[in-house]
Amino acid sequence: MRRLHNILGLALLICALPGCSPVAAVDTTARPVTAPAKPALNQSNGNLAVLAGKFKNANRAPVTVVQFGDSHTAADLFSGEMRRLLQAQYGDGGIGLVAATPVPGTRYEQVILKAAKRQWELVSARNQQSAQFPLGGYLSVPLAAKPSVRIEAREPNSQRYRVSALYQAQESTSLLLRDSRGQNRRLLAATGGQWRFGPVVNNLGLPLDLTLDSRPGTVLGGWYLQGQKNAGVIYSALGINGARLEVTDKWQPGWQDTLKSLRPDLVILAYGTNEAFDDTLDLNLYQTQLKQTLERLRRDLPRAVVLIVGPPDSIKQRKARSCAARQPQQLAAVIRIQRQAARQANALFWDWQAYMGGQCSIAAWQAQGLARGDLVHLTADGYRKSAAALHDYLRTQLKLK
C-alpha cells in the first residue's frame with residue numbers, strides 16, 4: 001500500500017510541479033570575472049583562438065567541455081577517452097555532471113553510482129514524459145524519507161572534489177555529504193519551481209555518500225563534480241540511450257540556463273545514429289531542428305566552440321547485396337545535413353564515418369575487434385581509437401602542439 005502511495009505521489013509530482021526557467025547557482029568565485037557578452041566571434045579564428053588560449057592556461061582556470069549524445073556517449077567510453085587525453089595534458093578538472101542516481105544502460109568512465117532499491121524513482125527523457133526534465137534528461141524522485149546515493153571511484157584515487165547538487169525543491173530541505181574524513185550538511189533552499197545547483201561543498205573524496213532530507217516536491221537532476229584545484233579540464237558526458245537531437249525538446253524550457261551556468265568552453269553534439277535508422281525521418285524537419293539548435297547555442301554561448309560529431313558507420317540490412325543497401329537509409333543524408341549546418345553556423349564537424357573508412361567500414365572494424373556484433377556500436381578499443389582521432393582533429397583545429 002505504501003508503494004502504491006509513493007508511485008501515485010510520483011505521478012502527481014511530475015504532473016503538478018510548476019513550470020520554471022532554471023537558474024543555476026554554481027560556485028564560480030574562483031573563475032575570472034567576465035565582461036557582458038559580446039557578439040559571437042567567427043569560429044574560424046576568434047572562438048578557436050579563445051579555446052586554444054584557455055587550454056594553454058588550464059593550470060590556472062578550468063576548461064569546461066559538455067558533450068551531448070546518444071548511446072555512443074552514454075557508455076562514456078568515447079567521451080571517457082577524450083576526457084582522459086585532455087586531462088592528461090591539461091590537468092584533471094573533474095568529472096562534470098552525472099545523473100543523481102543509477103541509470104540502467106548508462107555508465108560513467110570514472111565513477112559508479114549506487115542506490116538501494118525502493119529509495120528513488122528514475123524518470124528518463126528516453127521513454128517517459130515530464131515537463132520537468134533538467135539538463136541531462138534524468139529526474140530522480142525520492143520514494144523514502146531519507147534516500148541516499150553513493151558515488152564510488154571506478155579506480156581508487158586520492159582526488160578531492162567540489163560537489164554540488166542539481167535540484168528542484170518546493171520547500172527548503174537539506175543534504176548530508178559524508179566521505180572518509182567526515183560529514184557536511186548543506187541547506188537546499190526552496191527554488192520556487194526552478195532548477196538550481198546547491199551550495200558547493202569543498203574537499204570531498206570518493207567514495208561519497210549523499211543523503212537527502214526529502215520534502216514534498218523535491219527532485220534531483222544530478223551531481224556536479226569539479227576538481228578541488230579549480231583548474232584543468234572538466235568533461236561532462238550527457239548521453240541517453242536511443243536519443244536523437246530532438247530529445248532536448250523534452251527538457252524543461254530554460255534548461256539552457258543551467259548549461260550557461262557551467263560556462264562551457266566547448267560543446268559537443270554527438271547525435272545522428274538513431275535519426276539515420278529511422279526510414280521515415282523528415283530530413284527537412286531534422287535540418288531545421290539542427291539549425292535552430294546551433295543558433296540557440298550561438299546566442300547563449302557566443303564565445304564557445306561548438307563541435308558536431310557525425311555518426312559512426314553502421315549496417316542495418318546485413319543480407320543486402322550492395323553496400324549502399326546495407327547502410328541505414330538516412331545515414332548519408334544525416335551526415336550531409338550535419339556538415340552543412342556546421343559550416344553555416346561556424347561550428348566544427350568531425351566525420352566519424354569517414355575516419356572509420358567510409359561506407360560499410362564497420363564490418364572491417366568488427367573483424368578487427370573494434371566494433372560489436374550489432375554493427376552499430378563499437379567495442380571499448382574502437383571507441384578509444386575513435387576518441388584519439390577526434391582528439392588529434394581538435395588539436396589540429398586549435399593549432400595546439
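The values are calculated or read from the model by the stated rules, or taken from the named source; none is laboratory data. The shown structure was predicted, so the numbers you read here are calculated from the model rather than taken from an experiment. For neighbour counting, all protein chains shown are included, and Cβ atoms are generated from backbone atoms with ideal geometry for every residue, glycine included. Protein only, heavy atoms only, side chains kept; ligands, DNA and RNA dropped before computing areas. Shrake-Rupley method; radii C 1.70, N 1.55, O 1.52, S 1.80 Å.
Looking at the structure I just gave you, is V63 outside any helix (DSSP H, G or I) and either among the small types (G, A, S) or closer than 26 Å to Q252 by Cβ (or both)?
Working: outside any helix (DSSP H, G or I): yes; either among the small types (G, A, S) or closer than 26 Å to Q252 by Cβ (or both): no.
Judged against the criteria, V63 is not a match.
Which ranges mark the helices (runs of 4 or more DSSP H) fully within region 290-372 that have 2 or more residues being among the β-branched types (V, I, T)?
Output list reads 331-344.
Check off (1) assigned to a helix (DSSP H, G or I); (2) modelled with pLDDT of 95 or more; (3) open to solvent by less than 70 Å² (accessible area, probe 1.4 Å) for K54 and give me the number that stays unchecked.
(3)
For region 108-201, give me every one of the strands (runs of 3 or more DSSP E) that falls completely inside it and has 2 or more residues that are more than 26 Å from P253 (Cβ to Cβ) and in the same structural domain as G217 (by the TED database).
Numbers: elements: 111-114, 120-124, 138-142, 148-153, 161-168, 173-179, 182-188.
In region 108-201, the matching strands (runs of 3 or more DSSP E) lie at 111-114, 148-153, 161-168, 173-179, 182-188.
State yes or no: is V103 open to solvent by less than 30 Å² (accessible area, probe 1.4 Å), of a type in the set (A, V, I, L, M, F, W, C) and within 15 Å of G222 (Cβ to Cβ)?
So V103 passes the test.
Whether any residue in region 275-298 is in contact (Cβ under 8 Å) with a residue 60 or more places away in the chain and either touching a helix residue (DSSP H, G or I) at 6+ places or on another chain (Cβ under 7 Å) or of a type in the set (S, T, N, Q) (or both) is what I want to check.
Among the residues of region 275-298, not one is in contact (Cβ under 8 Å) with a residue 60 or more places away in the chain and either touching a helix residue (DSSP H, G or I) at 6+ places or on another chain (Cβ under 7 Å) or of a type in the set (S, T, N, Q) (or both), which makes the answer no.
For region 275-288, name all the residues that are buried (at least 22 other Cβ atoms within 10 Å of the Cβ) and not charged (D, E, K, R).
Result: A276, Y286.
Determine which member of the set V233, V141 is touching a Lys or Arg at 6+ places or on another chain (Cβ under 9 Å) and of a type in the set (A, V, I, L, M, F, W, C).
V233
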